Amino acid sequence: MSQKTNLEKKNTNNRSIDKSAIPLLEKAENEGIELAWDRLEKQQPQCGFGLLGVCCRNCNMGPCRIDPFREGPQKGVCGANEDTIVARNLLRMIAAGAAAHSDHARDVVETLLMTARGQAPDYELTDLEKLKALAELFGIEEEEPNKMAEMLALKVLDGYGTREEGLEWLKRAPKDRIEVWEEAGVIPRGVDREIVEVMHRTHMGVDTDYVNLILHGIRTALSDGWGGSMVATTLQDVLFGTPKPTKTKVNLGVLSENEVNIIIHGHEPILSEKILEATEDPELIELAQKIGAEGINISGMCCTGIELLMRKGVPMAGNFLNQELAILTGAVEAMVVDVQCIMPALTDLSDCYHTEIISTSPKAKFPGATHIEFEAEKAGEIAKKIVRKAIENYKNRIPAKVDIPDSPTEAVVGFSVEARVAGLGGELDPLLDAIKSGKIRGVAGLVGCNNPKIKHDYSHVTLTKELLKNNVLCVVGGCNATANAKAGLLLPEAAEQCGEGLKEVCQSLGIPPVLHMGSCVDNTRILVLAAEVANALGVDISDLPLAGAAPEWMSEKAVSIGTYFVGSGILTVLGTVPPILGSEKVVKLLTEDAEEVIGGKFAVETDPYKAAELMLDHIDKKREGLGI
Ligand code: BF8
Ligand code: SF4
């Protein structure tokens with residue numbers, strides 16, 4: 001086994017607070033299996049220039065780097081200083097994140113278009129009410145659903161491109177917000193256009209002004225939040241249904257000892273919805289039984305898992321740092337992956353176990369994986385082929401190598417904006433009243449990844465608990481939501497851990513104090529909820545007692561999300577340090593001056609207790625501003 005590490009015995013308890021992860025971390029250590037935590041150790045010390053963001057490779061006169069101690073070079077060969085280099089690097093991160101969300105969304109629009117035209121017979125229009133509302137938003141006058149969906153898809157696709165004017169989705173934003181964006185010159189146009197413009201402006205010898213660069217970064221992120229990601233969320237709802245509250249189970253204990261285990265991992269529900277259907281196919285269940293399994297067990301990892309969790313209650317095996325550990329259970333017949341957050345390490349790791357990694361997207365192939373390419377036209381047939389492959393692999397499972405952790409945790413999920421409002425009795429008033437009376441002090445949007453630089457799930461869960469104690473209602477998404485679910489905070493019983501006011505509200509409504517809003521593209525549900533609350537109060541989003549945090553973020557998508565939160569007027573606290581510290585001016589702009597211009601700003605705080613304090617201070621300031 002080439003995985004053997006040369007590291008001394010490590011305290012695996014320092015690596016995660018997830019009770020289902022700890023025994024598997026120990027197993028990895030005993031078997032000499034290398035995981036992300038070990039690879040992070042081997043990377044130490046990480047490059048100081050990279051950490052500060054002062055390294056530039058944007059042309060072949062370089063690479064250039066700025067000496068932060070002022071003893072070496074202060075300019076690249078072209079003359080770019082640290083402000084330009086840091087800002088340009090940050091913009092490219094935003095662009096990559098926005099691209100990932102929006103390109104995922106493009107596949108959804110194209111599937112909607114094919115569905116409407118009868119070219120993707122395995123899909124249907126599920127949420128017609130939402131379809132109608134969207135048609136209205138886009139000014140489509142058509143009654144027949146398929147025609148309506150076709151026109152909508154074409155209009156949305158058109159919105160990706162080179163248009164000059166703002167996106168239709170902006171009609172959802174408060175009037176004051178639009179004015180702020182106009183004033184700052186950041187009204188987002190099509191997301192493709194903004195991303196291309198990032199690449200243009202950050203090319204050697206184009207935009208040198210860090211302020212001008214950052215403003216375009218904000219515009220690009222807004223075109224993701226109020227464009228690309230919003231497209232993914234809403235059109236996925238049209239195709240697969242808008243989530244409603246449902247009870248399910250989470251953590252690696254959801255794997256089954258006696259069934260064929262399939263984990264779907266990645267981000268796109270277009271495929272995973274069909275895999276779910278295939279696992280329910282009587283013929284395939286019979287096949288699984290014929291080879292000695294009791295049935296087929298599907299569970300999720302990362303955001304594609306969340307998509308199925310939210311809409312179908314499919315159990316969730318884990319978040320980002322659980323992916324390698326899932327294979328270590330020795331009980332996973334197939335891990336089916338599409339795009340994003342799939343560690344390249346998985347294929348090497350699967351050599352040590354029997355798990356088959358099945359890649360499905362033409363955009364994401366992995367040497368060593370089995371590639372079964374997904375096509376919307378033949379979705380059902382391809383999904384069945386994948387499930388059959390998993391079943392056939394059951395015979396290769398080695399019972400002596402199987403270690404499934406005990407006792408999954410229960411969670412109530414599925415709080416789309418519509419479901420949240422329905423849970424509040426069909427209108428926003430109970431929420432507004434609870435905020436006005438102070439029973440709910442404010443709302444926190446908690447999102448983002450895992451990062452081995454931080455004890456797995458620790459910052460997510462610690463921050464949430466601190467906020468709950470202080471009567472802050474938490475709406476959560478992505479890997480943050482999974483962390484909180486594993487910690488048992490997505491249950492109505494978690495109200496016991498809240499301050500008196502929030503406890504009373506949750507108990508009277510029968511809802512958990514931490515509301516799962518969905519995958520990372522679904523973070524736009526926070527924007528929609530914030531906009532609805534702001535509109536109801538006749539104020540801007542930046543006036544609300546609302547703060548965001550990404551306590552364990554690692555991905556470029558999280559940078560785009562954080563930036564569109566800030567660009568929408570929300571204080572956003574980052575729990576891992578972004579690579580911008582090499583420019584004092586960029587830091588000052590993002591953490592101080594941005595508030596004047598755009599109403600929101602970033603804060604960086606690695607200690608979740610201090611992060612909670614920052615958010616509470618902000619919430620109190622906003623309450624004061626509203627006079628409540
Ligand atoms: O989009 S939170 S690790 S899984 S990037 Fe990835 Fe981060 Fe998880 Fe989903 Ni989001
Ligand atoms: Fe160096 Fe300027 Fe080229 Fe960047 S763009 S690599 S700073 S010369």
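Values as computed for the structure displayed
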{"quantity": "Residues of region 28-62 satisfying the condition of being farther than 23 Å from Val586 by Cβ and within 14 Å of ligand 2 (Cβ to nearest atom)", "calculated": "Asn60"}
{"quantity": "When residues of region 202-250 are limited to those that are of a type in the set (Val, Ile, Thr) and within 16 Å of ligand 1 (Cβ to nearest atom), the one farthest from Asn60 (Cα to Cα)", "calculated": "Val250"}
{"quantity": "Number of the condition not met by Glu596 [criteria: (1) in a helix (DSSP H, G or I); (2) surrounded by fewer than 24 Cβ atoms within 10 Å (Cβ to Cβ); (3) in contact with a helix residue (DSSP H, G or I) (Cβ under 7 Å, 6 or more places away or on another chain); (4) not β-branched (Val, Ile, Thr)]", "calculated": "(3)"}
{"quantity": "Qualifying positions in region 301-333 - in a strand (DSSP E or B) and over 14 Å from the mean Cα position of the chain (by Cα)", "calculated": "Met316, Ala317"}
{"quantity": "Test set (1) surrounded by fewer than 19 Cβ atoms within 10 Å (Cβ to Cβ); (2) over 21 Å from Asp103 (Cα atoms); (3) within 16 Å of ligand 1 (Cβ to nearest atom) - Met343 fails condition number", "calculated": "(2)"}
{"quantity": "Ile580 vs. criteria aliphatic (A, V, I, L, M), in a loop (DSSP other than H, G, I, E, B), out of contact with any Asp or Glu (no Cβ under 7 Å at 6 or more places or on another chain) and within 21 Å of Thr220 (Cβ to Cβ)", "calculated": "yes"}
{"quantity": "Members of region 567-594 found to be closer than 24 Å to Pro174 by Cα and touching a Gly at 6+ places or on another chain (Cβ under 9 Å), listed by number", "calculated": "Gly567, Ser568, Gly569, Ile570, Leu571, Thr572, Val573, Ala594"}
{"quantity": "Candidates Leu91, Leu113 - the one that is touching an Asp or Glu at 6+ places or on another chain (Cβ under 7 Å), in contact (Cβ under 8 Å) with a residue 40 or more places away in the chain and on the phi < 0 side of the Ramachandran plot", "calculated": "Leu113"}
{"quantity": "Wholly within region 5-102, helices (runs of 4 or more DSSP H) carrying at least 2 residues that are touching a Ser or Thr at 6+ places or on another chain (Cβ under 6 Å), more than 16 Å from ligand 1 (Cβ to nearest atom) and modelled with pLDDT of 95 or more", "calculated": "22-31"}
{"quantity": "Options Gln289, Gln323, Gln340; residue that is at positive phi and more than 16 Å from ligand 2 (Cβ to nearest atom)", "calculated": "Gln340"}
{"quantity": "Residue that is more than 30 Å from Pro512 (Cα to Cα), of a type in the set (D, E, K, R) and crowded, with 18+ Cβ neighbours inside 10 Å, where the choices are Arg397, Arg388", "calculated": "Arg397"}
{"quantity": "From the options Leu309, Leu346, Leu321, Leu325, residue that is touching a Gly at 6+ places or on another chain (Cβ under 8 Å) and within 25 Å of Ala232 (Cβ to Cβ)", "calculated": "Leu309"}
{"quantity": "Listing of helices (runs of 4 or more DSSP H) fully contained in region 450-564 that carry 1 or more residues being closer than 25 Å to Met343 by Cβ and within 15 Å of the chain's Cα centre (by Cα)", "calculated": "458-469, 478-486"}
{"quantity": "Single condition Leu271 does not satisfy, out of (1) in contact (Cβ under 8 Å) with a residue 24 or more places away in the chain; (2) aliphatic (A, V, I, L, M); (3) in a strand (DSSP E or B)", "calculated": "(3)"}
{"quantity": "Qualifying residues in region 225-255 (those that are β-branched (Val, Ile, Thr) and closer than 18 Å to His516 by Cα) - the one surrounded by the most Cβ atoms within 10 Å (Cβ to Cβ)", "calculated": "Val250"}
{"quantity": "Test: residue in region 82-91 that is under 28 Å from the mean Cα position of the chain (by Cα), more than 16 Å from ligand 2 (Cβ to nearest atom) and basic (Lys, Arg)", "calculated": "no"}
{"quantity": "Elements of type helices (runs of 4 or more DSSP H) in region 148-253, at least 1 residues being under 30 Å from Arg88 (Cα atoms) and touching a Phe, Trp or Tyr at 6+ places or on another chain (Cβ under 9 Å)", "calculated": "191-201, 210-223, 229-240"}
{"quantity": "Test: residue in region 461-471 that is within 24 Å of Leu537 (Cβ to Cβ), basic (Lys, Arg) and at pLDDT 95 or above", "calculated": "no"}
{"quantity": "Residue satisfying all of: in region 126-179; basic (Lys, Arg) and closer than 30 Å to Val566 by Cα; surrounded by the fewest Cβ atoms within 10 Å (Cβ to Cβ) among these", "calculated": "Lys175"}
{"quantity": "Only one of Val417, Val421, Val447 that is surrounded by fewer than 21 Cβ atoms within 10 Å (Cβ to Cβ) and hydrophobic (A, V, I, L, M, F, W, C)", "calculated": "Val421"}
{"quantity": "Selection within region 275-300 - of a type outside the set (A, V, I, L, M) and part of a helix (DSSP H, G or I)", "calculated": "Glu277, Thr279, Pro282, Glu283, Glu286, Gln289, Lys290"}
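The values are calculated or read from the model by the stated rules, or taken from the named source; none is laboratory data. All of these numbers come straight from a predicted model, not from anything done at the bench. Backbone-built Cβ (ideal geometry, glycine too); neighbour counts: all protein chains shown.
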